[in-house]
Amino acid sequence: MKFISTRGNVAPVGFIDTVLMGLADDGGLMVPEQIPVVSAQTLSSWRGISYQELFLKIFAYYTNDEIPYEDLKKMVETSYSTFRTPEVTPLHKLNDTSYILELFHGPTFAFKDVALQFIGELYSYISKKHGEIIHILGATSGDTGAAAIAGVRGKEGIKICILHPHEKVSKVQELQMTTVDDSNVLNLSVKGNFDDCQKIIKDLFADLEFKGKYHLRAINSINFVRILAQTVYYFYAYLQLSEADAGKKINVTVPSGNFGNIFSGFLAKKMGLPIGKLIIATNENNILERFVRTGEYKPGDFKATHSPSMDIQVASNFERYLYYLLDEDAAQVKAVMDDFKLNGEIKISDELLAQVGLDFAALGVSNDQCLAAIDKYNKQSGYLLDPHTACGIVATDTFQEEGELAITFATAHPAKFNESISLLGIEQQFPAQIAQLFDREQHQVVIENSEAAVVEQLKAFF
Ligand SMILES: *Cc1c(COP(=O)(O)O)cnc(C)c1O
């Protein structure tokens, strides 16, 4: 299997080179040359295997034996040994037609751990085995940073710098990132919002001379390996269902920001996983909902909400979807993205919009709806939703039809977002790993919202 760019100007490369490249060298995103298809027979033979075994089965379609099986197996086992449940991503039954896939049982209590615990191991392996220098640079709306830092802190041969929007992440998110005192970690608190952070990162990765000189590696979902690692739990969710439930039309709802998690679902579906509707749930930053409704992709005004990890206007993985929507025509993707850079919007034809409607449903959930859903489910079933997952549940309940089965992804643990939960007068017990963060010393540098300010810090750190 080789990997190519959505914009068509990168010669096909293997798996490890794709991981190291992160953002494609032509400014696009890396995708597999062909998406492998898992037959129904193979899929059913995977029933009952562990999360770790499933991971290895799925990765085998993509890694070309560039990593010996035993090495990959060891990495996968180490990665998921840090999770608090043996299933890694267990299914919780809410009622007869609705399940929650809990993705928050990793070290930092958000779904980002699932991919980033593995990526930490993988980078460490590539550093040792291939002698590559690994300098990770990433932007976070709160959870990616914490998970990436947890994945590589103290690891030899790796340094990591994470940009987060100053005072726009939750307290627990900030503490998880900044109370780490390993010398290979640098936190930059940027006086701007997440889109500003992400733009600085993307521009630095697009500067090939700078990227090469400083050995910049990506952990954001611009990196294909993160997308691939996330497909595993879509398959695992399906395989955990009873055969009767697995035969129903299964809709999956994903609280979305950068379109990374749900793109993994799109990939899983293309690989043959029988998913019905893929439902995009967003908050009041609803560029994706507007796109699915009108065919216009245009960033709006930034809004701070109860679900800060989804306070995103420019969804970087959108380009991967566009590539498939445009029938894998890279030249057309490049033209559309060049035009987007110039004019700040994309408008697709009615014909393509009809296709979008077959691929996705979408709902932007207001702050009030989000809180009301947390309250309702807490009272009804004693299940405490985090605000991101609550947006998901509102979308699920909106689109659910008779006879269908819903799986809503729980992308974070509610303890990470107590600022919002406490507005409802709900008092939650913090898990010990979170409670102990509050009296630790913080390490971060507050900087201006500019590429130059980031570069100055990087030159001193890397
Ligand atoms: C990152 C994040 C999201 C959004 O995921 P994307 O892959 O960016 O769409 C949703 N919920 C939580 C809790 C997150 O941390």
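The values are calculated or read from the model by the stated rules, or taken from the named source; none is laboratory data. The structure displayed is predicted, hence computed values, not measured ones. All Cβ positions, even for glycine, are placed from backbone atoms using ideal geometry, and neighbour counts span all protein chains on display.
From Asp301, Asp311, which residue is surrounded by fewer than 22 Cβ atoms within 10 Å (Cβ to Cβ) and either within 12 Å of the ligand (Cβ to nearest atom) or of a type in the set (Asp, Glu) (or both)?
It is Asp301.
Among the candidates Leu116, Leu137, Leu103, which residue alone is within 12 Å of the ligand (Cβ to nearest atom), modelled with pLDDT of 95 or more, within 14 Å of Ile160 (Cβ to Cβ) and not β-branched (Val, Ile, Thr)?
After ruling out the rest, the residue left standing is Leu116.
Condition check ((1) aliphatic (A, V, I, L, M); (2) at pLDDT 95 or above) across all residues:
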{"residue": "Met271", "(1), (2)": "yes, yes"}
{"residue": "Lys303", "(1), (2)": "no, no"}
{"residue": "Lys347", "(1), (2)": "no, yes"}
{"residue": "Ile374", "(1), (2)": "yes, yes"}
{"residue": "Asn378", "(1), (2)": "no, yes"}
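Test each condition in (1) surrounded by fewer than 21 Cβ atoms within 10 Å (Cβ to Cβ); (2) without any contact (Cβ under 8 Å) to a residue 40 or more places away in the chain; (3) touching a strand residue (DSSP E or B) at 6+ places or on another chain (Cβ under 7 Å) for Gly212 and report the one that comes out false.
Here Gly212 meets the rest and fails (3).
For the range 244-257, which residues satisfy the criterion of being buried (at least 24 other Cβ atoms within 10 Å of the Cβ) and either within 10 Å of the ligand (Cβ to nearest atom) or among the hydrophobic types (A, V, I, L, M, F, W, C) (or both)?
Across the range 244-257, the qualifying residues are Val252, Val254, Pro255, Ser256, Gly257.
Please state which one of Leu23, Leu29 is buried (at least 19 other Cβ atoms within 10 Å of the Cβ) and out of contact with any Phe, Trp or Tyr (no Cβ under 7 Å at 6 or more places or on another chain).
Every option except Leu29 fails the conditions.
Tally the residues that are touching a residue at least 60 places away in the same chain (Cβ under 8 Å), within 12 Å of the ligand (Cβ to nearest atom) and assigned to a helix (DSSP H, G or I), restricting the search to the range 391-414.
Selection size over the range 391-414: 2.
Out of curiosity, is Phe340 closer than 30 Å to Pro414 by Cα, within 24 Å of the chain's Cα centre (by Cα) and in a helix (DSSP H, G or I)?
In short, no.
Keeping to the range 269-291, report how many residues are in contact with a helix residue (DSSP H, G or I) (Cβ under 6 Å, 6 or more places away or on another chain) and within 14 Å of the ligand (Cβ to nearest atom).
Count: 6.
Counting only residues that are touching a helix residue (DSSP H, G or I) at 6+ places or on another chain (Cβ under 8 Å) and within 25 Å of Glu174 (Cα to Cα), how many does the range 293-319 have?
14
Answer yes or no: is there a residue in the range 270-282 that is part of a helix (DSSP H, G or I) and either over 20 Å from Ala24 (Cβ atoms) or in contact with a Gly (Cβ under 9 Å, 6 or more places away or on another chain) (or both).
no
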